[in-house]
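Colleague: A single structure is presented below for examination.
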Amino acid sequence: MSVDTQDTAFDQIGGAARIDALVEAFYDLIETDPAYAELRAMHAADMTPVRASLKGWMTGWLGGPRDWFTQHPGVCMMSMHRAMPIDAATAGQWTHAMRRALDQAGVEPELAEALNEIFGRMGANMTTR
């Protein structure tokens, strides 16, 4: 008997290695490109913990292992950012950097476009001012 399985977005993006490349490209852009200066200023000097956290969150969110969610019960992305002074400009910086990172990480264009649309809505919904 065979069972039809549908790939998760985690599988479609390329698994943990591609998520790692995506997050590294994203935070490298934030740390080095002056276009994201306001976004960079919202983060601690050491970005290692936030890099690891986004990798874990994105892995579970895309349908991979949900370790991050098990380790952070009841925490959602919106509540994690509620205290940050996110306005439309910084939300736009986040979305723009993520778009570039998806491209740099080699995410398949159709999937990247779908994720960009979702990330755009996420960024807009995280504005706190």
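Readers should treat all values here as calculations from the given coordinates under stated rules, not as data from a laboratory. Keep in mind the model is a prediction, meaning the values are calculated, not measured. No Cβ is skipped: glycine too gets one built from the backbone with ideal geometry, and neighbour counts run over all protein chains shown.
Colleague: Mind giving me the nanometre distance, one decimal, between the label points for Thr32 and Met80, set 7 Å out from Cα along Cα→Cβ?
Modeller: It is 2.4 nm.
Colleague: Stretched out fully, how many nm does the piece from Asp7 to Ala52 gain, at 0.36 nm a residue minus the Cα gap?
Modeller: Values: separation 45, 0.36 × 45 = 16.20 nm, distance 2.40 nm.
That pair, Asp7 and Ala52, stretches by 13.8 nm at full extension.
Colleague: Note down the relative contact order for the range 11-125 as a percent, whole number, built from C-alpha pairs under 8 angstrom at least six residues apart. Kindly include the intermediate steps, with their values, before the conclusion.
Modeller: Values: 91 pairs, mean separation 41.2, N = 115.
After rounding, I find 36 percent.
Colleague: Taking the range 44-112 on its own, what percent of its Cα-Cα pair distances exceed 17 Å? Provide the component values of the computation, followed by the final result.
Modeller: Numbers: 1331 of 2346 pairs.
Everything past 17 Å amounts to 57 percent.
Colleague: Moving on. Among Phe26, Phe69, which comes first, then next, by fewest other beta-carbon atoms within 10 Å? Spell out each step's value before the answer.
Modeller: Working: Phe26 23, Phe69 16.
Ascending number of Cβ neighbours within 10 Å: Phe69, Phe26.
Colleague: Assuming a ≥ b ≥ c are the square roots of the Cα gyration tensor eigenvalues, decide whether the range 11-125 counts as rounded (a/c under 1.5), prolate (otherwise, with a/b larger than b/c) or oblate. Please list the in-between numbers first.
Modeller: Values: a/c = 1.42, a/b = 1.12, b/c = 1.27.
Rounded.
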